[in-house]
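Nothing in this text is a laboratory measurement; each read-out follows from the coordinates by a stated rule. It should be emphasised that the depicted structure is a prediction, and the values quoted were computed from it without experimental measurement. Ideal geometry is used to build each Cβ from the backbone, glycine not excepted, and the neighbour counts take in all protein chains shown.
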Amino acid sequence: MTLDGKRILLIVSGGIAAYKCLEAIRLLRRRGVAVRCILTRGGAQFVTPLSLAALSENRVHEDLFSLTDEHEMGHIQLSRAADLVVVAPASADILAKMASGLASGLATTVLLATDKPVMAAPAMNVRMWEHPSTQANIKTLSARGVRFIGPVEGDMACGEFGMGRLVEPEALVSAIEDFFQRQGRLQGRAALVTSGPTHEAIDPVRYIANRSSGKQGHAIAQALADMGAQTTLVSGPTHQPDPAGVSVVHVQSAREMLAACEDALPVDVAVAAAAVSDWRLSEPAASKIKKDAGKPRLELIENPDILASLGEAGNRRPKLVVGFAAETENVIDNGAAKRQRKGCDWIIANDVSPDSGTFGGEVNTVHLITTDGVDSWPTLSKVQVARRLAVRIANALDPTQDPTPGIGA
Ligand code: C5P
């Protein structure tokens, strides 16, 4: 793949592995990538600004308070004038600063200010890598969308052996290539995602709801938009921020969610990740139900099934309709039955039993059920599940781009 014209901001932090980024810059330049470097104080102990400048053919930025730099290209602009920010090597220190939002130098300030995708290639001693603090930071950053490449296992400069080596320059460059290759794969496609719970009014102050956090649905909308799809997210009430580059419609109830979904048609793919309330009150009270009026009788009626109606939308039916099946037992069998019943193409069945940590948690263990069978994925962060699903969707919508079969896959 050609990377001609792509712009990478490379942040080189402290670590003996910094020498490998010199070769990575050379490989990127050879592929037509414009590389601009930020060198941290730690990084400058291992490679010189001169080598980075010579290989990147660009000036190297080191100082947050440099008047010349701020005049020519301020730190905010630096964070925006790139298609991808790569931190390589990413030391334990810079990862900790990123996770806690510190902006103590140019690199960390730029990382806090950027609205661009960030990739990090960690490199550190095995014990530092395995330390619970580092692992917690990786988890935090990964849930926020930072893409990690490596580390790998091997001999360390300190004489120890284990996990913590920076990936080789070729592997870093191929991860970057992979990123850009995926990015445009849903260009020209429209996607609809539902996410979060719904709130069904009992009276003006009370409602029926559920424990859905919206994390998985929002991550799916973000992943589809990152791959270039024009994405509409219809979200029930959640605490999740609106994903960047996604058009978000905020709704409360199932009926509002259905109406917003119908407005968003036609789309190429619809992913129903919302935990829609199956029931609503037949007649919500117009004013607050008073306790002294006695025990209220709540008469429930069934809500519309949004997924099923997308599956039955006739000539407006999305080419690919994907539903979720949150199950606490017989996850795969129940999921497969739901796929048939709801008229959708794929079901993502996941275990939401209380000890699975799925509801509100950062990870998900899912089984993708299609006409061809079941593909069980390892436990992944919700962001990783979303990215993997987005790639599968792109493959299904455009099988010529991928050797694996289409919508059946
Ligand atoms: O029937 P169940 O709620 O388990 O089905 C789950 C799937 O159906 C999810 O994809 C969910 O978003 C969707 N659904 C819906 N409208 C409903 C109920 C569920 O879209 N009223």
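Here is how the numbers come out for the structure above:
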item: Cα centroid separation, region 307-356 to region 93-160 (Å); result: 36 Å
item: Residue-averaged [θ]222 nm for the chain, counting only DSSP H segments that reach four residues, each worth -39500 (n - 2.57); result: -10000 deg cm²/dmol
item: Extreme residue, positive dipole direction of the chain, given options Gly42, Val248, Ala221 (C-beta unit charges); result: Val248
item: Signed unit charges on C-beta, dipole axis of region 190-314, positive-most listed residue Gly311, Ala260, Leu281; result: Leu281
item: For Thr231, net neighbour charge (Lys/Arg +1, Asp/Glu -1) across residues whose Cβ lies under 12 Å away; result: -2
item: Dipole moment magnitude, nearest 20 debye, the chain about Cα centre, only Lys, Arg, Asp, Glu C-beta charged; result: 400 debye
item: Whole-number Å³ per residue for the convex hull built on Cα positions in the chain; result: 178 Å³
item: Neighbourhood net charge (12 Å Cβ-Cβ; Lys/Arg +1, Asp/Glu -1) for Ala175; result: -2
item: Relative contact order [Cα under 8 Å, 6+ residues apart], the chain, whole percent; result: 11 percent
item: Dipole of the chain [Lys/Arg +1, Asp/Glu -1 at C-beta], most positive-end residue of Ser13, Thr109, Gln183; result: Thr109
item: Total lysine pairs under 19 Å (Cα atoms) in the chain, excluding pairs fewer than 8 apart on one chain; result: 8
